Amino acid sequence: MKNRQKTAYNVPKTAINCQFMVKKSRFIVDISPTSDLNAAKNFIADIKNKYPDAGHHCWAHVAGEPGGSHVLGFSDDGEPNGTAGKPMLNVLLGSDLGDITAVITRYFGGIKLGTGGLVRAYGGSLNQAMQQLDIANKIPLVNIIGSSDYTHQQVIEQVLQAYEIVDIDKQFGDKVVWCVKMDARQAKDAIHIITERTSANAQFEVEE
C-alpha cells in the first residue's frame, strides 16, 4: 500500500548451499537474498542451470518485505500437488524473513517417499538449512526531496546529521535542490524539523 509505514526486517546475509539424504534421494538446498521478484526468478533460473539433470527444482520465495502477499510464490515443479513448494513457503513464512528465495533440487534415489514423506523431506530439509543462515537487519530507505535558499543550507545539513543518512545529492541553481536517501522511519520527523528550523522556507517531501 502507498501509505504503509515502512519497517526494518530481517533478511539473509549471504547465500548458502547444503545437502540432505532422505531414503537415498538427495535434496540440495540453495537459499539466497532476493530483494524483488526479478531477483527471485533469476536465482531460480540459475539453480536450474546449475543442476540441469535433476528431476525437480522446487522453490518458494518471500521476494520483498514480509507480510506482502504480492511477493510470495512457490512451485512443486512436478512433485505431487502441495508436497514441496507450499511446505517450503510455510517454513519461510514462519521465519519472518524477507528478501529470501529457497530452491530445493531433488535427485531421486529409487525409493518413493509418498506425499507425507515428501512434505516432511522438503519442509524438513529447508528448516534444517535455515538454521545455518546468517541474518542481517534491513533498514528501509526512502528519498526526501526538496529545495531551499542558500542561506538555509548549513541549517539543513546540521538537522540531517542527527539521522541515518545514506546519501545526499545537492544541485545548485537559483536554489539548492536536495535529494536525501535516508532511513524511511525517520523521514517524517526530519522533514518536520527542517520545516521548523527554516520557518517553512525550505520545502521537503518524501519522493513517491
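Each reported figure results from applying straightforward, stated rules to the coordinates on display, with no laboratory input. The shown structure was predicted, so the numbers you read here are calculated from the model rather than taken from an experiment. Here Cβ is always computed from backbone atoms with ideal geometry, including for glycine, and neighbour counts include all displayed protein chains.
The value of relative contact order for segment 9-137, using C-alpha pairs under 8 Å at least six residues apart, is 37 percent.
Ranking V159, S125, T115 by how far each Cα lies toward the positive end of the dipole of segment 82-169 (charges on Cβ) leaves T115 at the top. Stretched out straight at 0.36 nm per residue, the stretch from F172 to Q128 would grow longer than its current Cα-Cα span by 10.4 nm.
Our summary gives segment 69-208 a relative contact order of 22 percent, counting only alpha carbon pairs under 8 angstrom and 6 or more residues apart. Dipole of the chain computed with +1 at Lys/Arg Cβ and -1 at Asp/Glu Cβ about the Cα centre; of S35, W59, A184, farthest Cα towards the positive end is W59. Between Y107 and F20, the distance separating the two model label sites (each 7 Å from Cα on the Cα→Cβ line) works out to 1.8 nm. Assuming charge only on the beta carbon of Lys and Arg (+1) and of Asp and Glu (-1), the dipole of the chain about its Cα centre is about 1100 debye to the nearest 20. Extending 7 Å from Cα along the Cβ direction at Q153 and again at T115 yields two label points whose distance is 7.0 nm. Pair-distance distribution P(r) for the chain, from all Cα-Cα distances in 5 Å bins starting at 0: 1, 7, 14, 15, 13, 9, 8, 7, 7, 6, 5, 4, 2, 1, 0, 0 percent.
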